[in-house]
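**Student:** For reference, the structure I am asking about is given below.
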Amino acid sequence: MKGLQTKGLNKSFGGLVVARDITLSLQPGDRTALIGPNGAGKTTFSNLITGILKPTSGQILLDGRDIGGMGEAARVRAGIAKTFQITTLFKHLSVRENIRLPILERERRALRFWHRADRDKGVEAEIEAQLSAFNLLGLADRPVQDLAYGQQRLVEMAMTLALKPRVLILDEPAAGVPSSDSHLITGAIEALPADLAVLIIEHDMKLVFQVARSIIVLVNGAILTQGTPPEIAANQQVRDLYLGAHHD
Amino acid sequence: MKLTPLTKGLLADALLIIAAVVAFYAFPYDLAFLTRIVIMAILVLSIDLILGLGGIVTLGQAALYGSGAYAAGLFAIHISGDPLLGLAVGMLAGAAIAFLSGLLLMRAEGLTLIMLSIAVALVLQEIANRARDWTGGADGMRGIRMDPILGLWRFDFIGQTGYIYVCCVLFVVLFALKVLKASPLGLMARGIHESPARMRAIGAPVYQRRLILYTLGGAIAGIAGALAAQITQLVSLEVFNFSHSAEAVIMLILGGAGKLYGAIIGTVIFMVVHHLAASVDPFNWLFIIGALVLGVVFFVPQGLLGVPTALKRLIGGGK
Ligand SMILES: Nc1ncnc2c1ncn2[C@@H]1O[C@H](COP(=O)(O)OP(=O)(O)OP(=O)(O)O)[C@@H](O)[C@H]1O
Ligand SMILES: [Mg+2]
């Protein structure tokens with residue numbers, strides 16, 4: 001079985017259940033959106049997959065193999081990468097260095113101590129390509145903390161893509177990006193390799209309907225429904241949910 | 001005039017070598033003191049690697065320094081008096097103790113890590129105290145005799161050979177750290193410093209990485225300890241003293257962490273001020289050191305190396 005599967009994933013914090021029996025599958029090429037109200041458990045679900053959190057019960061499989069015992073870094077090396085909902089960058093490093101590090105890690109070169117980090121032509125060319133894809137060339141040598149929040153979101157996205165993952169989880173990639181730049185995010189998502197499995201957590205419905213081919217609605221930690229964008233748009237339960245009236 | 005980082009580095013190296021040579025001729029009767037400064041600078045550099053670059057806050061560098069000193073002392077007494085071999089043994093001992101203690105320490109953070117790192121030095125001190133037959137216990141380890149360096153240069157009693165020897169080791173360590181800092185490993189260390197969460201998210205096993213950095217730092221601290229044993233031809237339980245660890249960290253903060261040259265400047269200033277203040281007023285010198293540290297921490301948190309930048313900003317000329 002290719003791609004990512006979760007089977008009966010549960011997670012609770014003390015008495016608070018934030019993931020209820022979540023079973024889903026994400027295949028190579030999928031563009032799936034995970035939507036749901038604030039506090040529904042979307043970020044928690046992504047943290048369970050990436051290993052930041054351990055599930056209370058249930059299984060996570062990558063290409064049919066149980067990865068529940070793997071640590072966070074090992075899962076990234078196995079091909080699962082995510083962007084953080086709250087931008088998490090190397091603030092005092094330059095934009096270029098922020099992108100150089102994931103490339104070095106991906107290439108398993110981060111422990112080399114005998115040559116300069118910035119002299120590999122292949123790596124530098126790749127950095128340039130990422131920078132230009134996200135319109136960051138002009139800011140390349142500025143420390144990331146000098147950038148506007150929206151631009152930091154772009155760096156977050158660029159460094160995650162630099163890992164060349166097989167499964168990509170984007171946690172609200174467009175949140176905080178000014179509308180003048182949001183096409184860069186949408187463009188980047190549309191330009192992702194066709195065989196990449198992508199899960200997009202997003203509140204911006206315009207973006208969701210633009211890039212997703214399948215939508216999962218999460219409410220109170222449980223999957224309410226799943227379907228194509230037109231099906232979800234037509235679903236009365238979902239419409240009520242987004243108008244604020246709950247059907248339980 | 002705009003200087004590239006490379007020319008700046010070369011300029012700093014040239015100044016450092018000139019300063020070392022000038023000191024040699026200007027203070028021919030203080031070579032023992034100058035030698036102590038240089039050895040301390042190497043210890044402070046080891047902390048700069050761990051703390052300044054990797055952001056790992058410990059207060060137990062004396063554990064690694066002391067291990068290097070005892071290992072080099074034992075090696076000189078029982079196996080060979082060759083200084084460079086002894087240096088290698090001290091380096092390995094420092095690295096080994098850093099690795100072994102790091103297996104536990106690098107899982108901890110914050111106050112826990114600080115307390116544990118202090119505890120390691122205390123435990124080693126007690127072990128050295130009990131293992132009297134090997135270490136001489138509280139009387140110290142005596143009978144260290146060094147052969148000439150490379151069979152050519154005999155250690156003289158004025159300390160000329162010793163001073164030149166430790167300066168050469170300092171330059172080699174500094175050079176190695178400069179290469180390391182600019183390397184992928186150096187960038188990785190800064191990444192660990194900036195955000196462990198982000199490092200994990202790009203596939204870096206943070207615990208192993210911290211362990212590697214700590215072990216490298218231990219190797220350098222071990223070199224410093226070995227030099228101290230070889231130069232003074234004595235190792236006492238004091239090498240494990242907490243004050244070593246604490247003062248070394250203060251020197252680093254004083255000079256500016258993460259910049260390598262800051263470690264050297266901080267050490268020189270701390271030890272010279274200490275020396276002068278103690279000779280002027282043997283009872284109250286700590287006040288002067290305290291005032292100096294407070295002043296730096298309040299006015300130039302980046303350390304003394306940050307003073308030019310701070311001045312520029314004050315005048316409004318620089319950016
Ligand atoms: N570490 C934690 N400890 C306790 N409760 C937590 C923890 N992390 C999340 N929660 C709770 O779990 C619930 C789900 O949070 P989560 O962040 O997954 O929601 P979300 O769907 O991502 O929301 P949003 O759209 O606002 O990002 C919330 O009620 C939150 O308060
Ligand atoms: Mg969230």
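The values are calculated or read from the model by the stated rules, or taken from the named source; none is laboratory data. Note that the structure is a prediction, hence the values are computed from the model and not measured. In this analysis, Cβ positions are derived from the backbone assuming ideal geometry, glycine residues included, and neighbour counts consider all displayed protein chains.
**Student:** Give, as residue ranges, the helices (runs of 4 or more DSSP H) completely inside the range A:18-131 that count at least 2 residues that are within 13 Å of ligand 1 (Cβ to nearest atom), more than 14 Å from chain B (Cβ to nearest Cβ) and touching an Asp or Glu at 6+ places or on another chain (Cβ under 6 Å). Lay out the reasoning, then the answer.
**Tutor:** Numbers: elements: A:42-50, A:72-78, A:95-106.
Helices (runs of 4 or more DSSP H) meeting the threshold: none at all.
**Student:** State whether one or more residues within the range A:152-166 are within 16 Å of ligand 1 (Cβ to nearest atom), within 15 Å of the chain's Cα centre (by Cα) and either of a type outside the set (Gly, Ala, Ser) or surrounded by fewer than 16 Cβ atoms within 10 Å (Cβ to Cβ) (or both).
**Tutor:** yes
**Student:** Whether any residue in the range B:210-223 is over 19 Å from the mean Cα position of the chain (by Cα) and part of a helix (DSSP H, G or I) is what I want to check. Outline the logic, then answer.
**Tutor:** Kept after step one, since they are over 19 Å from the mean Cα position of the chain (by Cα), are these residues of the range B:210-223: none.
So far as the range B:210-223 goes, no, none of its residues is over 19 Å from the mean Cα position of the chain (by Cα) and part of a helix (DSSP H, G or I).
**Student:** Another one. Which of the residues belonging to the range B:171-218 are among the hydrophobic types (A, V, I, L, M, F, W, C), crowded, with 23+ Cβ neighbours inside 10 Å and away from chain A (no Cβ under 12 Å)?
**Tutor:** Once the filter is applied, which keeps residues that are among the hydrophobic types (A, V, I, L, M, F, W, C), crowded, with 23+ Cβ neighbours inside 10 Å and away from chain A (no Cβ under 12 Å), the range B:171-218 yields nothing.
**Student:** Could you tell me whether A:ASN10 is polar (S, T, N, Q), near ligand 1 (Cβ under 10 Å from one of its atoms) and under 25 Å from A:LEU224 (Cβ atoms)? Break it down stepwise before answering.
**Tutor:** Details: polar (S, T, N, Q): yes; near ligand 1 (Cβ under 10 Å from one of its atoms): no; under 25 Å from A:LEU224 (Cβ atoms): yes.
No.
**Student:** Check off (1) closer than 16 Å to A:ALA33 by Cα; (2) small (Gly, Ala, Ser); (3) surrounded by fewer than 22 Cβ atoms within 10 Å (Cβ to Cβ) for A:GLY221 and give me the number that stays unchecked.
**Tutor:** With respect to (1) closer than 16 Å to A:ALA33 by Cα; (2) small (Gly, Ala, Ser); (3) surrounded by fewer than 22 Cβ atoms within 10 Å (Cβ to Cβ), A:GLY221 is out only on (3).
**Student:** May I pose another question? Please indicate, with yes or no, whether at least one residue in the range B:138-157 is part of a helix (DSSP H, G or I), within 14 Å of another protein chain (Cβ to nearest Cβ) and of a type in the set (A, V, I, L, M, F, W, C). Show your work before the answer.
**Tutor:** Initially, the range B:138-157 is screened for residues part of a helix (DSSP H, G or I), giving B:138-139.
In the following step, the residues that additionally are within 14 Å of another protein chain (Cβ to nearest Cβ) were identified as none.
So far as the range B:138-157 goes, no, none of its residues is part of a helix (DSSP H, G or I), within 14 Å of another protein chain (Cβ to nearest Cβ) and of a type in the set (A, V, I, L, M, F, W, C).
**Student:** Given the range A:148-228, what helices (runs of 4 or more DSSP H) lie entirely inside it while holding 2 or more residues that are within 16 Å of ligand 2 (Cβ to nearest atom) and either more than 14 Å from chain B (Cβ to nearest Cβ) or without any contact (Cβ under 8 Å) to a residue 12 or more places away in the chain (or both)?
**Tutor:** A:205-211
**Student:** Between A:GLY221, A:GLY176, which is at positive phi and touching a Phe, Trp or Tyr at 6+ places or on another chain (Cβ under 7 Å)?
**Tutor:** Answer to the check: A:GLY176.
**Student:** Return yes when A:PRO143 is facing chain B (nearest Cβ under 7 Å), closer than 20 Å to B:ILE192 by Cβ and of a type outside the set (Val, Ile, Thr) and no when it is not.
**Tutor:** No, not satisfied.
**Student:** Is at least one residue of the range A:15-31 of a type in the set (Gly, Ala, Ser), under 20 Å from A:PRO173 (Cβ atoms), surrounded by fewer than 18 Cβ atoms within 10 Å (Cβ to Cβ) and within 16 Å of ligand 2 (Cβ to nearest atom)? Let's see the steps before the verdict.
**Tutor:** Residues of the range A:15-31 that are of a type in the set (Gly, Ala, Ser), as a first pass: A:15, A:19, A:25, A:29.
Okay, now just the ones that are also under 20 Å from A:PRO173 (Cβ atoms), so A:29.
From the residues that got through so far, the ones that are surrounded by fewer than 18 Cβ atoms within 10 Å (Cβ to Cβ) too are A:29.
Next, from what is left, pick out any that are within 16 Å of ligand 2 (Cβ to nearest atom): none.
No, that holds for no residue.
**Student:** Condition test on B:LEU64, is it surrounded by 18 or more Cβ atoms within 10 Å (Cβ to Cβ), closer than 16 Å to B:GLY222 by Cα and of a type in the set (A, V, I, L, M, F, W, C)? Please lay out each step first, then the result.
**Tutor:** Working: surrounded by 18 or more Cβ atoms within 10 Å (Cβ to Cβ): yes; closer than 16 Å to B:GLY222 by Cα: yes; of a type in the set (A, V, I, L, M, F, W, C): yes.
Taking the combined requirement at face value, the residue satisfies it.
**Student:** Output the number of residues of the range B:119-146 satisfying the condition of being among the hydrophobic types (A, V, I, L, M, F, W, C) and either surrounded by fewer than 18 Cβ atoms within 10 Å (Cβ to Cβ) or in contact with a His (Cβ under 7 Å, 6 or more places away or on another chain) (or both).
**Tutor:** 7
**Student:** For the range B:290-316: of the residues being in contact (Cβ under 8 Å) with a residue 24 or more places away in the chain and in a helix (DSSP H, G or I), which is surrounded by the fewest Cβ atoms within 10 Å (Cβ to Cβ)?
**Tutor:** B:VAL297
**Student:** Out of all the residues in the range A:201-211, which are hydrophobic (A, V, I, L, M, F, W, C) and surrounded by fewer than 24 Cβ atoms within 10 Å (Cβ to Cβ)?
**Tutor:** Listed by number, the residues that qualify are A:MET205, A:LEU207, A:VAL208, A:PHE209, A:VAL211.
**Student:** Moving to a separate point now. Hey, A:LYS7 hits all of (1) away from ligand 2 (no atom under 13 Å from the Cβ); (2) under 30 Å from A:ALA191 (Cβ atoms); (3) more than 12 Å from chain B (Cβ to nearest Cβ) but one; which does it fall short on?
**Tutor:** Among (1) away from ligand 2 (no atom under 13 Å from the Cβ); (2) under 30 Å from A:ALA191 (Cβ atoms); (3) more than 12 Å from chain B (Cβ to nearest Cβ), A:LYS7 violates only (2).
**Student:** For the range B:286-314, how many residues meet the condition of being among the small types (Gly, Ala, Ser) and at pLDDT below 85?
**Tutor:** Matching residues across the range B:286-314 total 2.
**Student:** Now, a different point. So for the range B:24-44 (the condition being more than 17 Å from B:THR267 (Cβ to Cβ), part of a helix (DSSP H, G or I) and not aromatic (Phe, Trp, Tyr)), does at least one residue qualify?
**Tutor:** Yes: the range B:24-44 contains one or more residues that are more than 17 Å from B:THR267 (Cβ to Cβ), part of a helix (DSSP H, G or I) and not aromatic (Phe, Trp, Tyr).
**Student:** Need pairs with beta-carbon distance below 6 Å; first residue among the β-branched types (Val, Ile, Thr) and within the range A:40-56, second near ligand 1 (Cβ under 7 Å from one of its atoms) and not in a helix (DSSP H, G or I); sequence gap 6+ or separate chains.
**Tutor:** A:THR43/A:GLN85; A:THR44/A:VAL18
**Student:** Under 7 Å by Cβ, and 6 or more places apart or on different chains, what pairs join a residue from the range B:148-161 that is at pLDDT 90 or above with one that is in a loop (DSSP other than H, G, I, E, B) and surrounded by 11 or more Cβ atoms within 10 Å (Cβ to Cβ)?
**Tutor:** If the second residue must be in a loop (DSSP other than H, G, I, E, B) and surrounded by 11 or more Cβ atoms within 10 Å (Cβ to Cβ), the pairs left are B:THR161/B:PHE155.
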